[in-house]
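Right, one structure below, let's go through it.
We did not get these values from a lab; they are worked out from the coordinates using the rules stated. Keep in mind that this is a model prediction, so the values were computed, not measured. Every residue, glycine among them, receives a Cβ derived from its backbone with ideal geometry; neighbour counts consider all protein chains shown.
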Amino acid sequence: MAVNAQELRIGNFIQTPEGLAKVVTIANMKIGGTRLENGNHKVMEYEDCEPIELTVDWLDRFGFIKEDETWWNNHVGVKTVEGGFYFSAMHDGITDISYVHQLQNLAYAINQTELTLE
């Protein structure tokens, strides 16, 4: 499944045919990405890019800390319920999140800071 171009921002992580990449440019129906493995830059078509499934490993990589069934990072909570992930505000799950870029966008919207890999 191709990534939804309307959901992408500079700094989001995506899956490309060559591996994981960080979005650095978005223009003319193309995405410029820097590969996480080696720092190489490549321009790709939207349809060649896929969202990255959100997992506990990604929460850990972003520095989230687990308290009960909720992972916290700078006032952003992600609750695990029946195998899915949900945004948690004051411990109430309200929004389904399935992909890494959705979590990045949500954290940025709340805190105006980027999630960084640790």
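For this structure, a couple of remarks:
- Residue exposure proxy: Ile10, Ile31, Ile52, ordered by other Cβ atoms within 10 angstrom of their Cβ from fewest to most, comes out as Ile10, Ile52, Ile31.
- For region 5-48, the Stokes-Einstein estimate of translational diffusion at 10 °C and a viscosity of 1.306 mPa s comes to 157 µm²/s, using the Kirkwood hydrodynamic radius over alpha-carbon pairs.
- Here the spin labels are modelled as points 7 Å beyond Cα on the Cα-Cβ line, and at Asp48 and Glu18 they lie 0.8 nm apart.
- Inter-label distance, nm, simple model (7 Å from Cα along the C-beta direction), Thr55/Gln112: 3.5
- Counting lysine pairs in the chain whose alpha carbons fall under 19 angstrom apart, excluding pairs fewer than 8 residues apart on the same chain, gives 4.
- Computed over every Cα-Cα pair of the chain and binned at 10 Å starting from 0, the pair-distance distribution P(r) comes out as 14, 46, 30, 10, 0 percent.
- Local electrostatic count at Arg9 - Lys and Arg +1, Asp and Glu -1, tallied over other residues with Cβ under 13 Å: -1
- For region 56-111, size of Cβ-based charge dipole, Lys and Arg +1, Asp and Glu -1, in debye: 200
- When the Cα positions of Ile31, Asn111, Ile14 are compared along the charge dipole of region 10-118, Ile31 comes out farthest toward the positive end, with charges on each C-beta of Lys, Arg, Asp and Glu.
- Annotation note: trypsin sites (Lys or Arg not before Pro) in region 1-83 located in DSSP loop regions with a Cβ neighbour count of at most 14 within 10 Å are Arg9.
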